[in-house]
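Just so it is clear, none of the values below were taken in a lab; they were calculated from the coordinates. Just so it is clear, the model here is predicted, and its values are computed rather than measured. Ideal geometry is used to build each Cβ from the backbone, glycine not excepted, and the neighbour counts take in all protein chains shown.
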Amino acid sequence: MLHITCPWCGPRDDNEFHYGGEAHILRPAAPEKLSDGEWAEYLFLKQNAKGPFLERWSHSAGCRQWFNVVRNTATDEIIEIYPMGELPKSPEGIKAYEGNWRRQSAAEKNAKAGVSGT
Amino acid sequence: MSGQSFRIRDKGRIDRSKPVRFTFDGKSYEGFEGDTLASALIANGVHLIGRSFKYHRPRGILAAGSEEPNALIQLGGGNKSEPNLRATQIEIFDGLEAASQNRWPCLKFDVGAVNSVFHRLFPAGFYYKTFMWPASLWLKYEHVIRHAAGLGKAPPDRDPDRYEKVHAHADVLIVGGGPAGLAAALAAGKTGARVILADETADWGGSLLSESDCEIDGKEPARWVEESVAELEAMPEVTLVKRCTITGYYDHNYLTGLERVSDHLGAAPEHTPRQRLWKIRAKRVVLATGALERPLVFTDNDRPGVMLSSAVRTYVNRYGVLPGRKTVIFTNNDDAYRTALALEDAHGRVAAIVDVRTSVTGPLADAVRAKGITVYENHGIVSVQGTQKVTSVEVMQLDANGTGVTGTAKSVNCDLIAMSGGWNPTVHLFSQSKGKLTWDTEMAAFIPGTASQALASTGACNGTMGLADSLKEGLKLGAEAAREAGHKGRAPAAPKATEPEQGGLRPLWITPGKAKLGRKGKHFVDFQNDVTAADVQLAAREGYRSVEHLKRYTTTGMGTDQGKTSNVNALAILSDVLASDIPAVGTTTFRPPYTPATIGAYTGRNVGKLFEPVRKTRIDEWARANGAKFEHVGQWMRAWYFPKQGETFRQAIDREVKAVRDGCGILDASTLGKIDIQGPDAAEFLNRIYTNAWLKLGVGRCRYGLMLKEDGMVMDDGVTTCIGENHYHMTTTTGGAANVLSWLEEWHQTEWPDLKVFFSSVTEQWSVVAINGPKSRAVLQKLCEDVDFSAEAFPFMAMKEGTVAGIPARLYRISFTGELSFEINVPARYGLALWEALMEAGKEFDITPYGTETMHVLRAEKGFIIVGQETDGTVNPLDLGMDWIVSKKKPDFVGKRSLERESMASPDRKQLVGLLTEDPQTVLPEGGHVVEKLKPEPPMEMLGHVTSSYYSPNCGRSIAMALIKGGHARHGQTLHVPLEDKVVKVTVTEPRFFDLEGERIDG
Ligand SMILES: [Zn+2]
């Protein structure tokens, strides 16, 4: 069982948390401008990394806050924990962020052209 | 009674003043307190303990610890009975009943042993080869196999014992209470660190309890153990847990342990569980799990009386029993010479030492030879006589490269063979922790390499085999672990330890026999699964070159012992055939648990009523007192229906359903999910989450809303009301409440953090009573003077605040029945008072309490969907015919883009329809398959399934809803629902059956 440090509550067992899948999937600002295929890329296509992976967790049985985690999927080492809306600062996290195919996707460009969340 | 004729007079740690009586296969025996079942049976000269899995060969005791593959026992009777326990671990108590397994009709004569004669029918992979076809016969085969072979039997009914869990946090967890583990605990404990030391046995000291030829600080090792344990017990932050097997090593230093709290007592004392599951999070872990001796792979090495050399020493020194009166030692290393000396010391004769090494020198060999014991250098055992107990062996000289034998065979009489093939460090937990193993050529074994968690290995499990080195290393690593966990302190000076000096070993993975391998006699590798060296070689030749494939094909390393004594031998034999290095072949994955664990311990107290929390409303008590039947809805207990004396289910439901439409019915709706939403951007948020428009909802107005997932499929529905400026009250389905709250939080926090809006669950804060039916207004008016109930002042889909029966309330004019209806919300604690007041006021109108079943019938009559019943995550609003609630004007909402895909409106999607059975009295089963082209038997093309089905007393017939392929275009068609005993003909209709014009809503 993972030991995850909630930025608000401190270290807790992972059964207090809810996994939220890949982080930094920007929601397109003008979805109607995307083809079905481009929209499907945003919606269904997920990175399946072996190694550092950027993902979201929520402390669902605690403070209910969402946050981002850089986790090595091969070793389960937690490399970095950082707030929603921010980008990773660790070298592994930055590399994983920049190396993600999604950075070049039509959906992400669409999102960045409009109002952007993260 | 033959007595304990194999008991050694002056050895052992058993308590001779406390005799213990037990039975084995119905026969009564005596042992002493401190005996294991294995040592007590040996004391009584019993060596035939079980039959092997595949060939039903007689088997005895191989080991003295948890690695035992053969001596498996069914312990106790009835529902307390437990299968597959190792006789070597069972502590005896008065009245213990043990039975052998896998024999029929009895242990000494076993019908299944003919399998052994037809052994050519059981080659490697015989399950796969024999039972591949036809598949339909597999169940039959399996039944026969399970009966004839198989292991122990599961108890017939539920486990009557009590189990507990403990959650523990440690600075340093030390696994194993042998010399290295005790040393680590002493060093860590002295720093003041919080230490947990666990050992799977009943006694501290590990291997030290089996040795008589070493000293620590001039003391007997057992003395040092006693003093060390006393010192540890005096440390307030140190917890010592005996009989606790650390079974699993998981992520981030999370380990589980199974403590057998009272198994050794027979019955658990009051307030004491049978077993306790430890869940430990440790900052640092020190593994001191020791090493397991390897068997040698020689002809018929499985006969009762063939034992691991170190186990023989344990039986002699720790338990004071003699496993044989005349022993042949068979070894490839010096350690077995200690066993020879221990046997001589206990007045057991050693007939010979057979050593595969070409030249044996050193102090141990000298000591043995000084006793006049013959040492056969460069020899191997080539045959074993005696099937139910060893009677003699033949030994021959090995040829130049050890693959064959030369010269003539010499016969040696004996009743025990003590074998030693070297040692395998117990790296199971290290490997579970994802640590990488490396191959140590000198030891010919895997030892811990790179760790991937905060741990250290010490002592034999680290390949540190000497006593002095183990103690020193244990102290050092114990102190280091404590420091890494934030404590200060140095390792204490290591005690002076002496023990016999040892030389190296000669790994000879197969001892050649007189005939070609597999021809005469069997070289067993895996005793529990009856896998031989020939099987491993055959599998490799057949192409099973990966060790994981080999394992599954031959079953080596499977079973309850998970190959503790067999894995490295199998691996070495495989790599020999592959002409590859052992480390290149690699090991199979070590998985938890280390030894079999009782499922009851994992369940702990979460059984029966404590299985899951039960949520009850404030009106629950009244419903119970008034004869309600209940059903589970998620964790909630909801009143299902209220039968009157002598009423059947159907009669009760028909009465309730009619009462609502004819007069007035009352429902406890408190379980509905309720979320309080506040903030200046609340309306904007709702507008993005729901499919319809929310920006212009006035204060005091309610609106029905549908939520989609981003993939366009229906997720939840409910009514949301504008309570005041920037303040909304959302309702969700009973089962979906927690999900919806999480959904809103996720969108807010991760996608739209700029919106100023807050969500609070208020499900438990409000009691909700719904009154439905044409008389509901009249009832309510009697109790409420500060609200104008006229249809103009209080229209449908409006909310008013007022006082009902003196209780401050919110009244929502919303309806899940199509009738005039009010949902009265009061602060939760007034729920029962409100209910009772309404019942009293409604008496003159024959107010009728109803439950969830009637609620379902009433909504189905009106064609209202239930999310999760009419939908299953693949149904979109268009499928439901709910286009009316999907805004065409809003630029975006969750699910909009997905819903715009062409395929989402495809006419051949499964769509919601009504079904009317040909015979109006026939009620379809929910889940029934709907077909168009009926065939005499399946398979038939299925168009969809029945989602809701009831008898409707208001329609005077059965009604049903279904999701049918292309359903919207099928109205008027006749379809079929084939059931087990008949076929029901149905007509497709609109999914609405009653009050089609909606005229009843104002009463
Ligand atoms: Zn938290």
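What whole-number distance in Å separates the alpha-carbon centres of the stretch B:417-470 and the stretch B:849-870?
64 Å
Using the Kirkwood radius over Cα pairs, work out the Stokes-Einstein diffusion coefficient for the stretch B:906-1002 at 4 °C and 1.567 mPa s, in µm²/s as a whole number.
After rounding, the answer is 95 µm²/s.
Per-residue counts of other Cβ atoms within 10 Å, averaged by peptide: what ranking do you get for B:991-999, B:874-882, highest first?
B:874-882, B:991-999
I need the shape label for the stretch B:674-761. Rule: rounded when a/c is under 1.5, else prolate if a/b > b/c, else oblate, with a, b, c from the alpha carbon gyration tensor.
It is rounded, given that a/c, with a ≥ b ≥ c, falls under 1.5.
Could you give each residue of the stretch B:602-609 its phi-based ³J(HN,Hα) in whole Hz, using Karplus coefficients 6.51, -1.76, 1.60 with θ = phi - 60°, and x for Gly or Pro?
Working through the residues one at a time gives 6, 6, x, 8, 7, 10, x, 5 Hz.
According to the square roots a ≥ b ≥ c of the eigenvalues of the Cα gyration tensor, what is the shape class of the stretch B:954-1003, taking rounded for a/c under 1.5, prolate for a/b larger than b/c otherwise, and oblate for the remainder?
Cα axes put the stretch B:954-1003 in the oblate bin.
Please grab the % of Cα pairs in the stretch B:468-626 that end up more than 18 Å from each other.
Cα-Cα pairs of the stretch B:468-626 separated by over 18 Å account for 74 percent.
Quote the charge dipole size of the stretch B:906-1002 about the Cα centre in Debye, to the nearest 20; the model charges only the Cβ of Lys and Arg (+1) and of Asp and Glu (-1).
For the stretch B:906-1002, the charge dipole is close to 280 debye.
Place a label point 7 angstrom from the Cα of residue B:695 along the Cα-to-Cβ direction, then list the residues of the stretch B:666-681 whose backbone nitrogen is under 16 Å away.
B:680-681
Taking 10 °C and 1.306 mPa s as the conditions, I'd like the Stokes-Einstein D for chain B in µm²/s, using the Kirkwood hydrodynamic radius from alpha carbon pairs.
Calculated translational D: 47 µm²/s.
Using the Kyte-Doolittle scale, which helices in chain B average at least -0.5 and also have C-alpha atoms spread 24 Å or more along the helix axis, with helices defined as whole DSSP H runs?
Taking the DSSP H segments of chain B (at least 24 Å long, mean hydropathy at least -0.5), we get B:467-484.
Where Rh is the Kirkwood radius over the Cα pairs of chain A, the temperature 10 °C and the viscosity 1.306 mPa s, what D in µm²/s does Stokes-Einstein return?
106 µm²/s
Rounded to the nearest Å, what's the spacing between the alpha carbon centres of the stretch B:930-980 and the stretch B:627-685? Just the number, please.
Centre-to-centre distance over Cα atoms comes out at 27 Å.
Within 10 Å of each Cβ of A:22-30, how many other protein chain Cβ atoms are there on average?
For this peptide, the per-residue mean of nearby foreign Cβ atoms is 2.
Label-point separation (nm) for residue B:578 and residue A:87, each offset 7 Å from Cα along Cα-to-Cβ?
4.5 nm
Between the stretch A:69-118 and the stretch B:8-29, what is the separation of their alpha carbon centroids in Å?
66 Å
Could you rank the peptides B:276-288, B:592-604 by their average count of other C-beta atoms within 10 Å per residue, with the highest value first?
Highest to lowest by the protection proxy: B:276-288, B:592-604.
List the residues of the stretch B:988-1003 whose backbone N lies under 18 Å from a point placed 7 Å from the Cα of residue B:957 along the Cα-to-Cβ direction.
Label zone hits: B:988-997.
Kindly flag which residue pairs out of A:50/A:95; B:108/B:520; A:33/B:889; B:54/B:410; A:46/A:109; B:80/B:153 have an alpha-carbon separation exceeding 20 Å in this structure.
B:108/B:520; B:54/B:410
Return the sequence-ordered ³J(HN,Hα) values of the stretch B:258-275 in whole Hz as given by the Karplus equation 6.51 cos²θ - 1.76 cosθ + 1.60 applied to θ = phi - 60°, using x for Gly and Pro.
Karplus values, whole Hz, x for Gly and Pro: 10, 9, 8, 5, 10, 4, 7, 9, x, 10, 6, x, 4, 6, 10, x, 6, 9.
HN-Hα J couplings of the stretch B:408-413 from phi, Karplus 6.51/-1.76/1.60, θ = phi - 60°, integer Hz, Gly and Pro as x?
Running phi through 6.51 cos²θ - 1.76 cosθ + 1.60 with θ = phi - 60° gives 10, 7, 10, 8, 10, 6 Hz.
Using a 10 Å cut-off on Cβ atoms, rank the peptides A:31-43, B:291-303, B:182-194, B:81-93 from the highest mean neighbour count down.
B:182-194, B:291-303, B:81-93, A:31-43
Where does the protein assembly as shown land on Rg(C-alpha)/(2.2 N^0.38 Å)?
This ratio for the protein assembly as shown stands at 1.17.
Taking beta carbons within 10 Å but only from partner chains, what does the mean come to for residues A:60-66?
So the per-residue partner count for this stretch is 3.
Going Cα to Cα from residue B:910, which lysines come in below 21 Å? Please leave out same-chain ones fewer than 8 positions away.
B:709, B:862, B:896, B:933, B:965, B:985
From the helices alone, meaning DSSP H stretches of at least four residues, give me the mean residue ellipticity at 222 nm for the protein assembly as shown, per-run term -39500 (n - 2.57), in deg cm²/dmol to the nearest 500.
Using -39500 (n - 2.57) per qualifying helix, the result is -6000 deg cm²/dmol.
For residue B:554, what charge total do you get from the other residues with a beta carbon under 9 Å from its beta carbon, if Lys and Arg give +1 and Asp and Glu give -1?
0
Counting only other chains, and only Cβ atoms inside 10 Å, what mean value do you get across the residues of B:159-168?
Partner-chain Cβ atoms within 10 Å, mean over residues of B:159-168: 0.
Excluding residues fewer than 8 places away in the same chain, name every one of the lysines whose C-alpha is closer than 19 Å to that of residue B:242.
Cα-Cα hits under 19 Å: B:165, B:279.
Which trypsin sites (Lys or Arg not before Pro) from the stretch B:821-927 combine a DSSP loop assignment with at most 14 other Cβ atoms within 10 Å?
B:888, B:889
Taking amide H positions as placed in the peptide plane 1.01 Å from N, state which residues far from residue A:20 in sequence (5 or more) or on other chains have amide H under 5 Å from it.
Hits under the 5 Å cutoff: A:56, A:57, A:58.
Of all GluC sites (Glu not before Pro) in the stretch B:893-983, which ones are in loop regions per DSSP and have a Cβ with at most 14 other Cβ atoms within 10 Å?
Sites meeting the loop and neighbour criteria: B:900, B:918, B:941, B:980.
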